[in-house]
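Following: one structure in structure tokens, then a few remarks.
Values in this text are rule-based calculations from the coordinates and carry no lab data. Values in this document were obtained by computation on a predicted structure and should not be read as measured data. In this analysis, Cβ positions are derived from the backbone assuming ideal geometry, glycine residues included, and neighbour counts consider all displayed protein chains.
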């Protein structure tokens, strides 16, 4: 009789996109869960916390200064507080389905600058694995605290968000080929791409149907691991004229011009073209000043009265913004405003972007802002920042990467890095063809069948 432990069941890709596909009795049990550490929370990995509608907000035009709709999908409702839990779960679920991985066999490793690591620790705990997160040692305190609360261990590498390449090197030298570990390598494994193209991309299409002309004119995202920006592939499949915009810190313009530097936007700007970034579908690269994202976070969190009294934002709309944004989400908002201005979008047209997490993991970042400001932050400061950061967003520092030469430049940057980590040139060059990405995406039906089969055996 086999003593191999059973997997803890979780959803398929189709069920993450459409939670109503889950059996009614299972949905009722999930809805009744109160314990954060109940494994049933795996079935809450979806953009639709109520099972029906995508969690989102449409930014008030008094804040954006543009006529089009800027729709922000909100990720703070996901288990662990960020949508990054989705690709962490998908990568582990695929390993269980196709590699026979089971609890107790290996330690799960998550290279990250925060949210993916938090998601890794959380999913590992729910599924019965030990977790280890490799991340830089100068991220927000709240991120380390959350990982530890979920039972994850930390292996900290020197530096900040801009030094994530050191995290990647530590992961490859210490864990990638060590049989005691299973690495959920978000920068290079395709479940991250599949989750966001299928679940996030189709959710974006669904939410846009509620507004204006029902189409998506542009999808805007800071790459980070380049998982989220894969939603643009599915949007382009439906609306071929849609524009996909990648955002980078002005202080670390790697995609823009090969630049390297230190910045404060946690979760993006990783000094590389990640392996899973489909550069074929990226149309523009935009630079965002890191300090604007920090100040913008402070405005949305503490400047409700300023938004109402000085910008004319309806109070209900201003209050709806509180708690849902960190610096990377504000980065995406600024990029969406810049994109609307760049494309000259008007009433009825839609730009979709993402807020990866909420404010709960950034109070220490706000304390740092206040310390750097050197005096108490006043309502006059918040008004100045609101008008400069949001209404004052310009179309400067935008690079058109639609041409063949730019695609090849980005691809060569990818090859130079990932050959160093053991990927062969033939595999890398296939990534410069649409067929590679379509074949990986087409695997979802097979993967879902395997996840469902494993779930039936575990019950």
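Could you rank the peptides 327-339, 343-355 by their average count of other C-beta atoms within 10 Å per residue, with the highest value first?
In decreasing order of mean packing, 327-339, 343-355 become 327-339, 343-355.
Which order do 441, 427, 122 fall in if you start with the one that has the fewest other Cβ atoms within 10 Å?
427, 441, 122
What ranking, highest mean first, results for peptides 360-368, 96-104 when packing means the other Cβ atoms within 10 Å averaged over each residue?
In descending order of packing, they fall as 360-368, 96-104.
Roughly how many Å is it from the Cα centre of segment 194-237 to that of segment 1-69, as a whole number?
17
Kindly put 235, 288, 71 in sequence by how many other C-beta atoms sit within 10 Å of each C-beta, fewest to most.
If I rank by nearby Cβ atoms, fewest first, I get 71, 235, 288.
Please give the FRET efficiency for residue 427 paired with residue 302, using the beta carbon to beta carbon distance and R0 = 41 Å, rounded to the nearest 0.05.
0.25
Using Cα centres only, tell me the gap between segment 349-372 and segment 116-157 in whole Å.
So the two Cα centres are separated by 20 Å.
Between segment 247-322 and segment 389-408, how far is it from one alpha carbon centroid to the other, in angstrom?
One Cα centre to the other: 14 Å.
Rounded to the nearest 0.05, what FRET efficiency is calculated for residue 442 and residue 394 with R0 set to 41 Å and r the Cβ-Cβ distance?
Efficiency computed from Cβ-Cβ geometry: 0.50.
Once the Cα atoms of helix 115-127 and of the chain are each reduced to a long axis, what angle between those two axes, in degrees from 0 to 90 to the nearest 10, is obtained?
The two axes meet at around 30 degrees.
At a Förster distance of 51 Å, what's the computed FRET efficiency of residue 375 paired with residue 238, Cβ-Cβ distance as r, to 0.05?
0.55
Could you tell me the relative contact order of the chain? Use alpha-carbon pairs under 8 Å, at least six residues apart, and round to a whole percent.
Relative contact order here is 19 percent.
With each run of n ≥ 4 DSSP H residues scored as -39500 (n - 2.57), what mean residue ellipticity at 222 nm is computed for the chain after dividing by its residue count and rounding to the nearest 500 deg cm²/dmol?
-12000 deg cm²/dmol
Between (i) 43.6, 151; (ii) 20.9, 72; (iii) 23.1, 77, which entry matches Rg and Dmax of the Cα atoms in Å as derived from the coordinates of this structure?
(ii)
Rank these for me by crowding, 283, 50, 38, going from fewest to most other beta carbons within 10 Å.
50, 38, 283
Take every DSSP beta bridge whose two residues both sit in the chain, then give the antiparallel share in percent to the nearest 5.
Restricted to the chain, the bridges split so that about 20 percent are antiparallel.
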